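> First the structure, then my questions, so here it is.
The values are calculated or read from the model by the stated rules, or taken from the named source; none is laboratory data. From a predicted model like this one, the values you see are computed outputs, not experimental measurements. Cβ atoms come from the backbone with ideal geometry, glycine included; neighbour counts cover every protein chain shown.
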Amino acid sequence: MIKKVGVIGIGQMGAGIAQVSAQAGYSVIINDISDELLQRGIRGITKLLDKAIEKGKLDQAGKDKILANIKATTELAALSDCDIVIEAATENMAIKKEIFAELDKACKAEAIFATNTSSLPVGDLAASLKRRGQFVGLHFFNPVPVMKLVEVVKTLDTADETFKTAKTFAESIGKTTVSAKDTPGFVVNALLIPYLLDAIRQYENELATREDIDNAMVLGCGHPMGPLTLTDFIGLDTTLYIADIMYDEFKDSHYAAPPLLRRMVNAGYLGKKSGHGFYDYSK
């Protein structure tokens, strides 16, 4: 039974996971490499809770209770009694493996490990650990407090009980779950990335303007935003990174990044976060 949750990496994704877990009543320990990053993460959570109060979705007592459920530490050993530890560190195989190797030594034997990776093979992260049967993918979506989906990813070694417990946990924090095999991209990115890449190719081939491509999909297909706007929101570098991983795995042209995407990333046009992508956000 899950009572105490550890979250590794307190960037936007990790902070969101910590927030929804604490909001559901779990005791949460957040971990990152510095106190500065931890405090920045807590400030981000506090800001979102304040917005919820402004909208009448939360009161001050509720905010205080959520924040009281969250403890911060730079020491992985402090997560020793967590029932589940969710890793949301940078999307780098070597870094993630190093974190899990330390956690394997520090955490109690029955603890479940989960990774929030969006593209790396979950089984590869677990391969060198003692608890391969207690390793699972829990892929949340950004922004975590808003997005309802979690992809639960089962590796070749994931025990049925581990998978069931992880799925139940995700549902207990208000998420809808889908089950996925351990292949790059899982369900959502396996379908989404080719769509985004095709939109970029058509823009590169001058099929239509960026606005017309986006409006066509919004007004013609009922999508909440067009593919080029969505790529800007996700990040062009993130899109390219996932596409390259998937192409390396499948050698399928659907996952081959268009030259324009690579040129834009190399030039620093990363989307909304950099102020410029397919659209200009500098103003």
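> Taking the stretch 103-123, which residues are out of contact with any Asp or Glu (no Cβ under 6 Å at 6 or more places or on another chain), closer than 13 Å to residue 183 by Cβ and hydrophobic (A, V, I, L, M, F, W, C)?
Result: 120, single match.
> Any residue in the stretch 228-254 that is at negative phi and charged (D, E, K, R) sitting within a Cβ distance under 7 Å of a residue that is part of a helix (DSSP H, G or I) and surrounded by 15 or more Cβ atoms within 10 Å (Cβ to Cβ)? List the pairs, counting only those 6 or more apart or interchain.
Partner pairs satisfying both residue conditions: 232/272; 237/265.
> Could you list, in sequence order, all residues of the stretch 231-242 that are at pLDDT below 95 and under 11 Å from residue 197 (Cβ atoms)?
Of everything in the stretch 231-242, just one residue is at pLDDT below 95 and under 11 Å from residue 197 (Cβ atoms), namely 242.
> Please specify each residue of the stretch 83-116 satisfying the condition of being of a type in the set (Val, Ile, Thr), in a loop (DSSP other than H, G, I, E, B) and either modelled with pLDDT of 95 or more or not assigned by TED's automatic domain parsing to the domain that holds residue 158 (or both). Full working, then the answer.
Residues of the stretch 83-116 of a type in the set (Val, Ile, Thr): 84-86, 90, 95, 99, 112, 115.
Filter once more, so that each one left must be in a loop (DSSP other than H, G, I, E, B): 90.
If the condition is that a residue be of a type in the set (Val, Ile, Thr), in a loop (DSSP other than H, G, I, E, B) and either modelled with pLDDT of 95 or more or not assigned by TED's automatic domain parsing to the domain that holds residue 158 (or both), then no residue fits.
> Of everything in the stretch 237-283, what is among the acidic types (Asp, Glu), assigned by TED's automatic domain parsing to the domain that holds residue 215 and not in a loop (DSSP other than H, G, I, E, B)? Give them in sequence order.
Correct list: 237, 244, 248, 249.
> Moving on to the next point. Inspect all residues belonging to the stretch 192-206 and state whether any of them is surrounded by fewer than 20 Cβ atoms within 10 Å (Cβ to Cβ) and under 30 Å from residue 84 (Cβ atoms).
Checking the stretch 192-206: at least one residue is surrounded by fewer than 20 Cβ atoms within 10 Å (Cβ to Cβ) and under 30 Å from residue 84 (Cβ atoms).
> Further question on the same structure: If I ask for residues that are closer than 24 Å to residue 22 by Cβ and over 17 Å from the mean Cα position of the chain (by Cα), which ones from the stretch 126-162 would you list?
134, 162
> Residues of the stretch 126-165 being buried (at least 22 other Cβ atoms within 10 Å of the Cβ) and in contact (Cβ under 8 Å) with a residue 60 or more places away in the chain, which ones?
140, 144 - these are the residues of the stretch 126-165 that are buried (at least 22 other Cβ atoms within 10 Å of the Cβ) and in contact (Cβ under 8 Å) with a residue 60 or more places away in the chain.
> Considering (1) part of a helix (DSSP H, G or I); (2) in contact with a His (Cβ under 8 Å, 6 or more places away or on another chain); (3) closer than 27 Å to residue 120 by Cα, say which one residue 162 fails and leave the rest.
All conditions pass for residue 162, except number (2).
> Here is a further query. Restricting the stretch 86-109 to residues that are closer than 19 Å to residue 34 by Cβ and touching a helix residue (DSSP H, G or I) at 6+ places or on another chain (Cβ under 7 Å), which is surrounded by the most Cβ atoms within 10 Å (Cβ to Cβ)?
The extreme case among them is 88.
> With respect to the numbered conditions (1) surrounded by 19 or more Cβ atoms within 10 Å (Cβ to Cβ); (2) over 23 Å from residue 147 (Cα atoms); (3) touching a Pro at 6+ places or on another chain (Cβ under 9 Å), which one is the sole condition not fulfilled by residue 32?
Unmet condition: (3).
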